[in-house]
Amino acid sequence: MMSEKSRKIPQIVILGLEGSGKSTVLNRLLFGTIAEGQPSQSTCFVNVKYGTTILSVIEASEETARESPYFQDILGEIDGVVFVINSQSLRHIEASFEYVFTLFDKIPQKTSILFLANKIDKPGAVPFPDLLQDPAFQIIMDDINRSVSIYPISAKTGETFYTAFDWIISRMTGRTPLREDVTPKRVIILQEGGVPAFDYIFDASGEEHDSTLLGGLISALNIMATTIFESESVMDVVKLGAMKMIIRKVSGWSIVLFVGRDDSESKAQSLAEEILQAFIEERDRDPTKEMPKQVKYEILRKIPEIAIALDQEPIKDD
Ligand SMILES: Nc1nc2c(ncn2[C@@H]2O[C@H](COP(=O)(O)OP(=O)(O)OP(=O)(O)O)[C@@H](O)[C@H]2O)c(=O)[nH]1
Ligand SMILES: [Mg+2]
């Protein structure tokens, strides 16, 4: 087992011009959703749970970043910097990069830097490929000694949000990103005896024959469940058609995660375990709680790599 004590909490600072979307980003990190009409605050410190990782996040206003000597010290010690760029117009982008350059030299070389080209949902927002051509950004990317990346996102709709954060968090924590190798398609959690307690389909627009095939397979599984899941030697990977089923069993619960046929098995297995853990935590908190789609969605959202898959299919907050 890894020692928990020796691990320090990674620190991230969120920087950007006034109105670029820092608080909206922070809200989404904290609550998985956003609140309209946040008052501006000069500095905000908060701890955030991102999947299994705890992060300490600081939102720093322009004023704090420029003028606070205390903040200059923090910047020198930070593990990750997130620059929020307002990409709603060329003028906003230019101003954003100007701001980046006033702070860039104060950020240590070892610190990972994530640029969020925010507000891509706005009509008339600058297309991402154009932003990449910006000479200021080219200069930043040419600094090969730094670990830098940029993603087009919308803090408002959540589009590509977790993909971006997954990048910087895996850089900071050394955790391997799972996003590239696993495409979750469906997850089913079964109680002892094979009774389904949780079922979530990620890609409702999936091919027709897939869902028919799965439907039949699930009922077959249910019938066989007692036999399969009560034995100790669980067959834990089954390939079928374009998919693969990863089966894990933890303290009386069994999880079946459907992923792409060529997806990484070990990564899918660790994902399946994380989902099952999040589910069991929720169950332990309130065993009687109903699990409509919204609750399942919230459970799944706790796992960043799964949240990425959910980014593609946002559901309404109400
Ligand atoms: N359309 C759109 N609006 C956004 C997005 N992100 C933030 N906004 C809006 O932009 C405005 C400013 O967002 P904030 O998150 O308060 O910006 P901030 O960087 O924290 O601003 P200060 O704290 O004043 O420096 C708010 O009205 C947000 O709703 C986005 O991705 N798309
Ligand atoms: Mg703010």
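FYI, it's all coordinate maths here, none of it is from the lab. The model shown is predicted, which means the values in this text are computed figures rather than measured ones. Note that each Cβ is placed from the backbone with ideal geometry, even for glycine, and that neighbours are counted across all protein chains shown.
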Based only on other Cβ atoms within 10 Å, what is the fewest-to-most ordering of L132, L276?
L132, L276
On a C-alpha basis, how far is the centre of the range 19-34 from the centre of the range 113-164 in Å? Whole number, if you could?
16
If neighbour count is taken as other Cβ atoms inside 10 Å, put Y50, Y162, Y70 in order from fewest to most.
Y70, Y50, Y162
